[in-house]
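Participant: Take a look at this one; I'll ask things after.
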Amino acid sequence: MASSNRTLLQSSIVRKQIVAVTGLAMVGFLIAHLSGNFLIFAGPEAFNGYSKKLHDLGPILWVLRIGLIAALLGHVVLAIKLTGENHAARGGRYAVSNSRGDGGFCKKTMIYTGILILVFVALHLYDFTYRDKTGDPTIVEGVNGGLSLGLFGLVWNSFLQPWHSGLYILAMIILGFHLSHGIQSLFQSIGFFHDRYTPMVKKIGFALAILLAVGFISIPIYVNVVRTPHL
Amino acid sequence: MSKKINLTLKVWRQPDNRTSGRFEVYPAQDIDTDMSFLEMLDVVNDELEKEGKDPIAFDHDCREGICGMCGCVINGQAHGPDAATTVCQLHMRRFQDGMTLVIEPWRAKAFPIIKDLAVDRSAFDRVISAGGYISVRTGAAPDAHAVPVPKDSADQAMDAAACIGCGACVAACPNASAMLFVSAKVSQLALLPQGQPERDQRVVSMVSQMDSEGFGNCSNHYECEASCPKEISIKNIARMNRELTRAGVRS
Ligand code: FES
């Protein structure tokens with residue numbers, strides 16, 4: 001039995017299903033993350049308060065973090081392996097290839113958008129999770145009498161730099177591409193197909209991908225429009 | 001009304017799997033538009049033979065879209081430009097006078113080239129041997145109403161059973177994945193009462209044989225469904241994904 005379970009775990013289908021389920025978990029995280037981020041519109045107190053509440057979770061936060069890191073690693077490692085196998089399986093290349101499906105820029109670029117998102121995640125963690133939340137970068141000029149605004153201030157100042165906002169927005173557009181295929185595709189991988197509901201799942205998945213991307217992008221845009229936060 | 005057209009063919013020529021291949025250019029003159037694509041190749045081959053050249057090797061048998069032997073990629077599309085059509089059913093009236101057609105074999109690591117456009121699809125046979133059957137004693141056929149089958153299951157099993165195993169799904173898939181073929185074969189039995197006793201073992205064995213043949217993984221591009229001459233639905237792929245999870249949970 002043990003050996004048959006091992007073959008199952010090595011099967012192309014089960015490995016893809018792991019990519020699908022870890023992807024779904026990360027979509028769940030993105031929804032929670034964006035909901036929290038929206039508190040930036042409510043001002044520093046609400047935003048920093050939310051961040052503090054998360055940190056006060058202590059060990060629970062670490063369980064969630066480790067779960068998320070495991071999901072990310074599983075997703076990335078398996079997706080890279082599967083893509084490598086797919087390239088090998090192709091054999092010779094066609095001199096002419098002419099898609100008759102819907103072509104699908106997003107489908108073909110999943111591995112590239114995925115890798116770019118991974119790079120973004122590393123930079124993003126350095127930017128807003130790892131960096132000190134009390135020093136100079138957290139003081140928004142001309143607000144709060146020159147006192148630190150904590151994480152809120154750090155985020156605000158970062159987004160006031162055009163290159164920083166620009167890269168962030170670019171990363172979120174790439175995320176939107178990745179999710180626009182990813183969300184609807186994961187249902188097929190876990191075996192969900194229904195004549196009536198699958199077209200709906202596709203539409204909702206696509207809409208969710210756009211909503212998430214637009215939601216995240218709205219934050220740097222808001223910061224750059226408002227420029228001085230209301231306390 | 002039939003007319004005559006002239007075409008230029010760029011055909012993949014490869015003596016065997018160990019030798020590398022290349023494209024050769026041949027004229028196809030005075031082609032009757034009522035001909036099928038394979039008849040056009042016959043005409044070109046006659047000319048090649050007259051010139052003492054080696055005719056283009058291609059697979060075919062029934063020439064009426066039911067055996068699954070024929071197949072090649074024409075201008076980047078498996079079985080050519082028409083939907084739900086095998087290359088033997090494709091008519092030359094589909095092409096315009098003066099066109100250039102690039103004709104290539106199915107390209108997949110799991111389908112080694114035998115010669116020119118003919119590829120070795122015995123990987124499919126090995127997947128079937130791994131579990132694409134039911135083990136029953138033969139004898140007199142049972143009465144049709146002896147085993148009740150819901151209409152919907154019967155229809156879906158019939159749709160899956162329409163697969164002729166031509167390999168266009170593998171050829172069209174960017175990953176050379178055989179998921180559409182294997183899932184059709186898994187589905188046609190999983191949907192029917194006769195397939196139940198071996199249901200779990202079947203999907204596990206067939207998928208593991210599919211993997212070891214060197215086919216790629218499905219990444220939900222759905223080029224297979226769009227290229228399938230029998231319009232097999234990717235619904236079957238979702239079903240196979242489900243079947244495998246089910247087998248795993250029950251093992
Ligand atoms: S020759 Fe039989 S399907 Fe084309």
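The values are calculated or read from the model by the stated rules, or taken from the named source; none is laboratory data. Fair warning: this is a prediction, and the values are worked out from it, not measured in the lab. Cβ atoms come from the backbone with ideal geometry, glycine included; neighbour counts cover every protein chain shown. Surface accessibility is based on the protein's heavy atoms, side chains included, excluding ligands, DNA and RNA. Shrake-Rupley method; radii C 1.70, N 1.55, O 1.52, S 1.80 Å.
Participant: If you average the alpha carbon positions of the stretch B:203-224 and of the stretch B:65-81, how far apart do those two centres end up, in angstrom?
Facilitator: Centre-to-centre (Cα) distance: 20 Å.
Participant: Please provide three numbers in whole Å: the alpha-carbon extents of the protein assembly as shown along the principal axes, with the largest listed first.
Facilitator: Extents along the principal axes: 94, 59, 42 Å.
Participant: I would also like to ask the following. In square angstrom, what is the accessible area per residue of chain B with a 1.4 angstrom probe?
Facilitator: Dividing the accessible area of chain B by its residue count gives 45 Å².
Participant: Taking all protein chains together and a probe of 1.4 Å, list B:31, A:18, A:115 from the most accessible to the least accessible.
Facilitator: Largest accessible area first, the residues go A:115, A:18, B:31.
Participant: Could I ask something else about it? Given R₀ = 60 Å, FRET efficiency for residue B:1-residue A:10 by Cβ-Cβ distance, to 0.05?
Facilitator: 0.55
Participant: Could you grab the relative contact order for the stretch B:4-115? Cα pairs under 8 Å, six or more apart, rounded to a whole percent.
Facilitator: Taking the mean separation of contacting Cα pairs over the length of the stretch B:4-115, I get 35 percent.
Participant: If you build the convex hull over the alpha carbons only and average its shadow over all orientations, what do you get for the stretch A:2-116? Give it in nm² to one decimal.
Facilitator: One quarter of the hull surface, i.e. the mean projection, equals 11.3 nm².
Participant: Here's something else I'd like to know. Farthest toward the dipole's positive end in the stretch B:4-115, which of B:105, B:35, B:58, given Cβ charges of +1 (Lys, Arg) and -1 (Asp, Glu) about the Cα centre?
Facilitator: B:105
Participant: Let me know the charge dipole size of the stretch A:1-100 about its Cα centre in debye, to the nearest 20, where only the beta-carbon of Lys, Arg (+1) and Asp, Glu (-1) is charged.
Facilitator: 480 debye
Participant: Each residue of the stretch B:54-60 in order: what ³J(HN,Hα) in whole Hz does its phi give by Karplus 6.51 cos²θ - 1.76 cosθ + 1.60, θ = phi - 60°, with x for Gly and Pro?
Facilitator: Whole-Hz 3J(HN,Hα) from phi for the stretch B:54-60: 6, x, 6, 7, 8, 7, 5.
Participant: Quick check for me: using +1 on Lys/Arg Cβ and -1 on Asp/Glu Cβ, what's the dipole size of the protein assembly as shown about its Cα centre, in debye to the nearest 20?
Facilitator: 1380 debye
Participant: Sticking with this structure for a sec: Sticking with the crude label model, points 7 Å out along Cα→Cβ, report the distance from residue A:33 to residue A:173 in nm, one decimal please.
Facilitator: Modelled inter-label distance: 2.0 nm.
Participant: Now for a different question. Would you mind calculating the gained length between residue A:73 and residue A:130 on full extension (0.36 nm times residue separation, minus the Cα-Cα distance), in nm to one decimal?
Facilitator: In short, 18.6 nm is gained.
Participant: Put +1 on the Cβ of each Lys and Arg and -1 on the Cβ of each Asp and Glu in the protein assembly as shown; which of A:200, B:165, A:87 then has its Cα farthest toward the positive end of the dipole?
Facilitator: Going by the Cα projections, it comes out as A:200.
Participant: For chains A and B, what's the summed buried accessible area, probe 1.4 Å, to the nearest 100 square angstrom?
Facilitator: About 3500 Å² of accessible surface is lost on pairing.
Participant: Could I have the simple spin-label model distance between residue A:52 and residue A:195, label points 7 Å from Cα toward Cβ, reported in nm to one decimal?
Facilitator: 5.8 nm
Participant: Separate question: Mind listing, in residue-number order, the residues in the stretch B:175-219 that have at least 50 Å² less accessible area with every protein chain present than in their own chain alone (1.4 Å probe)?
Facilitator: B:217
Participant: Quick check on the stretch B:4-115: take the gyration tensor over C-alpha atoms, sort the square-rooted eigenvalues as a ≥ b ≥ c, and tell me if it's rounded (a/c under 1.5), prolate or oblate.
Facilitator: In terms of gyration-tensor shape, oblate.
Participant: On a 0 to 90° scale, report how tilted helix B:235-250 is relative to the longest principal axis of chain B, with both axes built from alpha carbons and the result rounded to the nearest 10.
Facilitator: In chain B, helix B:235-250 runs at an angle near 40 degrees to the longest axis.
Participant: Another question, then. Any idea what the dipole of chain A comes to, in debye rounded to 20, about its Cα centre with Lys/Arg Cβ at +1 and Asp/Glu Cβ at -1?
Facilitator: Magnitude of the dipole: close to 940 debye.
Participant: Can you pull the percent of the stretch B:4-115's accessible area that's carbon plus sulfur, 1.4 Å probe, other chains left in place?
Facilitator: Of all accessible area on the stretch B:4-115, carbon and sulfur atoms account for 45 percent.
Participant: With both bridge residues required to lie in chain B, what share of the DSSP beta bridges run antiparallel, to the nearest 5%?
Facilitator: Percentage antiparallel, nearest 5: 75.
Participant: Roughly how many whole Å is it from the C-alpha centroid of the stretch B:22-54 to that of the stretch B:121-164?
Facilitator: Going from one Cα centre to the other spans 39 Å.
Participant: Oh, and also: Please state, to two decimals, what the Cα-based radius of gyration of chain A comes to when divided by 2.2 N^0.38 Å (N = residues).
Facilitator: 1.19
Participant: Then there's this: Trypsin sites (Lys or Arg not before Pro) within the stretch B:4-52: which are DSSP loop residues with at most 11 other Cβ atoms inside 10 Å?
Facilitator: B:18
Participant: Can you list which of the trypsin sites (Lys or Arg not before Pro) found in the stretch A:49-87 are DSSP loop residues with at most 13 other C-beta atoms within 10 Å?
Facilitator: Sites meeting the loop and neighbour criteria: none at all.
Participant: While we're looking at this one, here's another question. Roughly speaking, to the nearest percent, how much of the stretch A:86-231's 1.4 Å accessible area is carbon and sulfur?
Facilitator: Exposed carbon and sulfur together represent 69 percent of the surface.
Participant: Here's something else I'd like to know. How big is the antiparallel share of DSSP beta bridges in the protein assembly as shown, given as a percent to the nearest 5?
Facilitator: In the protein assembly as shown, approximately 75 percent of DSSP beta bridges are antiparallel ones.
Participant: Still on this structure: Expressed as an acute angle from 0 to 90° and rounded to the nearest 10, what is the orientation of the C-alpha long axis of helix B:151-161 relative to the principal long axis of chain B?
Facilitator: It is inclined by approximately 40 degrees.
Participant: Evaluate peptide B:237-249: per residue, the Cβ atoms of other protein chains within 10 Å of its Cβ; return the mean as an integer.
Facilitator: 5
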